[in-house]
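Read-outs throughout are calculated quantities, based only on the coordinates presented, and are distinct from any laboratory measurement. This one's a predicted model, so the numbers in the text were calculated from it and none came from an experiment. We place every Cβ from the backbone using ideal geometry, glycine too, and count neighbours over all the protein chains shown.
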Amino acid sequence: MRFCSTRDKNNLKSAHEVILEGIAPDGGLYVPCSVPAVDVRDMLALTYAQRAKLVFSKFLDDYTEEELESVVDGAYANGRFDEEGVAPLAQLNDSLFVMELFHGPTLAFKDVALQAMPRLLPLAAKKSGNETEVLILVATSGDTGKAALEGFRDVPGTRIIVFYPAHGVSRAQYLQMATQQGENTHVVAVEGNFDDCQRGVKVLFGDRGFEKEMDALGISLSSANSINWARLMPQIVYYFSSYADLVNEEKIELGDEVNFIVPTGNFGDILAGEFARLMGLPIGKLICASNSNDVLVDFFRNGTYDSRRTFYKTVSPSMDILVSSNLERLLFLRSGDDQWVKNLMDALSNDGVYDCGEIFEKIREGFWCDKCDEEQTIRTIADVFDTCGYVMDPHTAVGMHVYQNYLKETGDHTVSVLLSTASPYKFTDAVLRALGKDVPEDTFEQADLLFEVSGMAIPEPLTQLRGAEILHKTVCEKQDMGDAVKAIVD
Ligand SMILES: *Cc1c(COP(=O)(O)O)cnc(C)c1O
């Protein structure tokens, strides 16, 4: 299997090279040159880990059977996810199911990819003849850092350092990171905001002198960036897996179309759904749900992507984004024209806007998109709890509201799956407010109250934080991040 850059079709790479590189040197994203087929029929009798192996094997033909086996077992079969499994379905009514992707160690769907990627990366390094230790540098505003820490924890041949803004994360997020276990995990609080952290990491990646120093210590640098193919590919699996589960539970028949509703930020999760469709899964509509940051809604209406707009901080913060990077992959998949994609991306970075022109109808085919504002998010959490007794986190509620709009506008009652991207216990503040409760100050009291109100079990990873020992206390000034790295690796 060969991969090419969305901005240069002639830049061909094998899978392990793509995983090691992350982003192409021309700034493009890697996509497979041809999309392999998978018959969901072959998945019916398989476990989640085996389903993952089947999908991975189609793309990663330079990994051995044994390697893939160890990757998927480590990620999905060894207790990193709770007993409910990686992607269990809850039924809300005759035609709507919620796929709960939050049963992993950090209570959000990013675990699904970040449990697999850290196991793929050292193997990729080995295949490239690179026997150095891989040092992962991550800047986080809270969620990705924790998921990456858990993913890379004790993975041989890797070490991870996460930088977070000292005064910019929630109490729960701070506790999640500061109590992180694992011999190879490091966490540094930066006296600055998220942008300072991100800038600091970017500077280190571009610093040749720093790279040489690391090289001398037998260390190569990498990132757990969300545009890496190894973070997108694992998300394809749960589209297939949920479909297979629906067949097994006799909710649908093999061959029936299913719609998926995806709370969207960077367009990664929903693009994995597009890959599932290209691989042969019978998907009707991919319904893209945005919060008040609605740049994608306008895009899917009129073909113009215009990032020049106000940025809103919302109760669904993981979707607060103005530039949805993975949309670039859709533009390439539908147009096949690398030069055109490059021109649009140049326009986006120079002017903050691009227009698809004539090909727009082809690009939006199979997608439907709408938004959900703050008040609607809160009201949806309350409504769903009142009518179904089911508690959703704010990101999932955005998807739910958009699905209701979709039903109203189209009357399409095809069986649908709503991707639930985070546990309500990760956003107890907003959820309790939606349910009309006075919200206690303390994170754990909030969790206790949500349990009292909903009866939904408090997830183990949250319980473990109570009284957990603070293991990471390093603080650094924003200009000293390089020194902080050196002090750690020395
Ligand atoms: C990252 C994230 C999203 C957005 O996913 P994309 O792949 O960026 O579109 C939605 N919900 C939650 C909880 C997330 O963490």
Distance in nm between pseudo-label sites at Phe451 and Lys408 (7 Å out along the Cβ direction from Cα): 3.8
Three-way shape label, the chain, alpha-carbon gyration tensor, a/c 1.5: rounded
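Would you kindly state how much longer the chain becomes between Asn343 and Arg171 on full extension, computed as 0.36 nm times their sequence separation minus their alpha carbon distance, in nm to one decimal?
Using 0.36 nm per residue and subtracting the Cα-Cα distance, I get 57.6 nm.
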Extended-chain gain in nm, criterion 0.36 nm per residue less alpha-carbon gap, Gln479 and Glu250: 76.6 nm
Nearby lysines by direct alpha-carbon distance to Lys437 (threshold 30 angstrom, same-chain neighbours under 8 apart not counted): Lys110, Lys146, Lys313, Lys371, Lys426
Between the range 1-69 and the range 464-480, the alpha-carbon center distance in angstrom: 36
Assigned charges on the beta-carbon of Lys, Arg, Asp, Glu; the chain dipole about Cα centre (debye): 760
Rough spin-label spacing in nm, given labels placed 7 Å along Cα→Cβ, for Leu322 and Glu183: 4.5
Added length on full extension, which subtracts the Cα-Cα distance from 0.36 nm per residue, Glu361 to Asp61: 104.6 nm
The chain, relative contact order [Cα under 8 Å, separation at least 6], %: 18
Mean Cβ count within 10 Å, highest first, over the residues of peptides 196-207, 458-469: 196-207, 458-469
Tensor-based shape of the range 320-367 (alpha-carbon gyration tensor, a/c under 1.5 rounded, otherwise prolate or oblate): oblate
Positive dipole terminus of the range 366-421, leading residue within Met400, Val415, Cys369 (C-beta point charges): Val415
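Relative contact order for the range 98-245: what percent, with Cα pairs under 8 Å and sequence separation of 6 or more?
Value for the range 98-245: 27 percent.
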Relative contact order (%) - the range 369-484, alpha-carbon pairs under 8 angstrom, separation at least six: 22
Cysteines in the chain that, by Cβ-Cβ distance, have no pairing candidate under 4.7 Å: Cys4, Cys33, Cys197, Cys356, Cys372, Cys388, Cys476
Highest-first arrangement of 436-446, 74-84, where packing means the average Cβ count within 10 Å: 74-84, 436-446
Prolate/oblate/rounded call for the range 312-407, Cα gyration tensor, a/c under 1.5 rounded: prolate
